[in-house]
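Coordinate-derived values only; no laboratory data. No experiment lies behind these values; they were computed from the predicted model shown. Note: ideal-geometry Cβ built from the backbone for every residue, glycine included; neighbour counts use all protein chains shown.
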Amino acid sequence: MVNAQEEFLQDIALVLEYHGLPRIAGRMFGAFLVSPKARLSADDLVKELHASRASVSTMTRLLLQQGVIERVHVPGERKDYFRFRPQIFSGTSFVNDEVARVRAVREVLERGRPIVEQSSPGAAARLEEMLDLYRSFESEIPAIFERWKRKRETGIRSGVSRSQ
C-alpha cells in the first residue's frame, strides 16, 4: 500500500517531469522538500525512494548542476550529504530560469510570426494571442516574485499571517 508521502513524491515527480526533469529527479526534489532532516545522503535517498544507487548518483549530479541542491560536509562523516540550496525559491536564479523559459517560447513565436502571417488570418490571430500572453508572462513574473518577496519579508505567506 502506498502511503500519503509516497503518493506526494510521485505527484510532484510527475509535475516536474512535465517540466522536463526526469521522474526520479522529481522524486528526489520531493524528498528534499518534505524530509524532516536538514540534509540527506545518497544512502538516505536510495532507501527513501526505493531507487538504485546509480539513479540517485546520476540525478544528484543533475540537481547539483541545476543549482537545486548543494553538497554539504558533515564533520566526522565520510559520505556526502546534500540539501536544498539556501533560499532556493527566494533567490533570483529561480525567477530568472522561469523568465528564460517564457522568453524562449516568446522568441520562437516571434520568429514564426512572418511565416504564420502569410498562411491565414485565423492562424495569425492565434499566434498573436499566444505571443501577447507570453509577453505578459515575461513582464509579470518578476513583478509577481517581488510582491511575494515583500509578503515574506513582512511575515505574510500567500495572504495568511504567520501568527495564524
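Taking Cα centroids, how far is region 11-37 from region 102-129 in Å?
Their Cα centres are 33 Å away from one another.
By counting other Cβ atoms within 10 Å of each Cβ, how are Ile141, Ile115 ranked from fewest to most?
The order, fewest Cβ neighbours first, is Ile115, Ile141.
How high is the relative contact order of the chain, given as a whole-number percent (alpha carbon pairs under 8 Å, six or more residues apart)?
With pairs under 8 Å counted, the relative contact order is 13 percent.
Among all the aspartates and glutamates, which ones have a C-alpha under 19 Å from Lys149's C-alpha, if same-chain residues fewer than 8 places away are not counted?
Hits, sequence-local ones excluded: Asp97, Glu98, Glu138, Glu140.
Run the reach check for Lys37 against lysines, Cα to Cα strictly under 18 Å, same-chain hits fewer than 8 apart removed. What comes back?
Lys47, Lys79
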